[in-house]
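The values are calculated or read from the model by the stated rules, or taken from the named source; none is laboratory data. Note that the coordinates shown come from a computational prediction; the quantities given were computed from them, not determined experimentally. FYI the Cβ positions are ideal-geometry reconstructions off the backbone, even for glycines, and counts take in every protein chain you see. Protein only, heavy atoms only, side chains kept; ligands, DNA and RNA dropped before computing areas. Shrake-Rupley method; radii C 1.70, N 1.55, O 1.52, S 1.80 Å.
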Amino acid sequence: MAITAAMVKELREMSGAGMMDCKKALTKTEGDMEKAMDFLRENGMAKAQKKADRVAAEGLCEGIVAEDGKSAAVVEVNSETDFVAKNEKFQTFVHAVAEQALTTGAADLDAFMAEPWKADASKSVSEILVEQVAVISENLKIRRFAQMKEENGFIQAYTHAGGKIVVLVDVETDVCNEAIAEMAKNVAMQAAAMRPKYNSRAEVSQEYLEKEKEILLAAARNEKPNANDKILNGMVMGRINKELAEICLQDQVYVKAEDGKQTVAKYIAEVAKQNNAKINVKGFIRFETGEGIEKKKEDFAAEVAAQM
């Protein structure tokens, strides 16, 4: 298979590796992008930056919690420009979408868009969106929504940077007071700042772990070709544990820890003990505006030149 410049560019953006390394990886894997990414990781050529982590789309996320604190919802609504995201009409619309999501029975986005609009049942959510596009004069998109419920505790919401990031945290507890609410807010802020993928190690699939072990073992063998299996396996497990401590919320080092060592799980346990409470942070939802969407790059000079 012929390796094109576009393929090399795409892999380079995904991996952060050098151009020649990307070309070599694609050649070795016959143009298979996923296998080429694994090859780069195995040979220590890939960097931490991933294309999917780059945030580029405009708009807002909003989280809303019911008065009793037992249910909550979060939505993301995209706009073409940041200017519109700061517009009061757009912000009012996003809030209305969040209120719709709080009580919706829709199982997916298609069903959500088709259901009657809460404030005007004669129109669907989709029709209201079309009206807003006409009013705001910019293409808008309701990208996603999620709900969270907790009967034996409460939901904590945290909004960062005016709606660029929203986190919901599910707290199961037999005591609800200001100290525990503050703990929940701190955990939500941790999730906003540190971008965990999972709440705890229990959520990480065995399939994911096995694939990581396979890749890390190949990388370890390349680093130390003369090492025995015991040493190699020790290297792999050390790296797996380090990775889990970064991607699992409760395994992360708590950002406000005075000693720089206390994990989020230990912080939660400490607050539980101080308040004679049983606390279980069951999960979180984190929305970041434009997450995984690559924004179209505008070349205004080229555009003007073309029009001239």
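Observations, loosely collected:
- Counting charges near Gln206 (Lys, Arg +1; Asp, Glu -1) among other residues having Cβ under 13 Å from its Cβ returns a value of -2.
- Kirkwood estimate for the stretch 1-158, i.e. one over the average of 1/r between Cα atoms, Å: 18.6
- Length added when fully stretched, Ser124-Asn152, from 0.36 nm per residue minus Cα-Cα: 6.7 nm
- Dipole moment magnitude, nearest 20 debye, the stretch 132-178 about Cα centre, only Lys, Arg, Asp, Glu C-beta charged: 540
- Packing-based ranking, highest mean first, of 180-188, 278-286, 70-78 given that Cβ atoms within 10 Å are counted: 70-78, 180-188, 278-286
- Within-15-Å neighbourhood charge of Met189 [Cβ basis; K, R +1; D, E -1]: +3
- Three-way shape label, the stretch 167-307, alpha-carbon gyration tensor, a/c 1.5: oblate
- Relative contact order [Cα under 8 Å, 6+ residues apart], the stretch 1-157, whole percent: 21
- Three-way shape label, the chain, alpha-carbon gyration tensor, a/c 1.5: oblate
- Volume per residue of the C-alpha convex hull in the stretch 201-248, rounded to whole Å³: 65
- When Rg and Dmax are taken over the Cα atoms of the stretch 76-231, they come to 21.9, 72 Å.
- Percent of beta bridges antiparallel (DSSP, the chain, rounded to nearest 5): 95
- Inter-label distance, nm, simple model (7 Å from Cα along the C-beta direction), Ala6/Asn226: 4.8
- Among the protein heavy atoms of the chain, carbon and sulfur supply 51% of the accessible surface, probe 1.4 Å, non-protein parts ignored.
- Unit charges on C-beta of K, R, D, E only; dipole of the chain, Debye: 1200
- Available extension along the chain between Asn87 and Glu214 is 40.8 nm, counting 0.36 nm per residue and deducting the alpha carbon span.
- The sum of -39500 (n - 2.57) across all DSSP H runs of n ≥ 4, divided by the residue count of the chain, sets its helix-only mean residue ellipticity at 222 nm to -14500 deg cm²/dmol.
- Packing around the peptides 129-142, 89-102, 201-214, taken as the average count of other Cβ atoms within 10 Å per residue, puts them in this order, highest first: 89-102, 129-142, 201-214.
- Between Tyr208, Ala36, Asn177, the Cα set farthest toward the positive side of the dipole of the chain (charges on each charged residue's Cβ, about the Cα centre) is that of Ala36.
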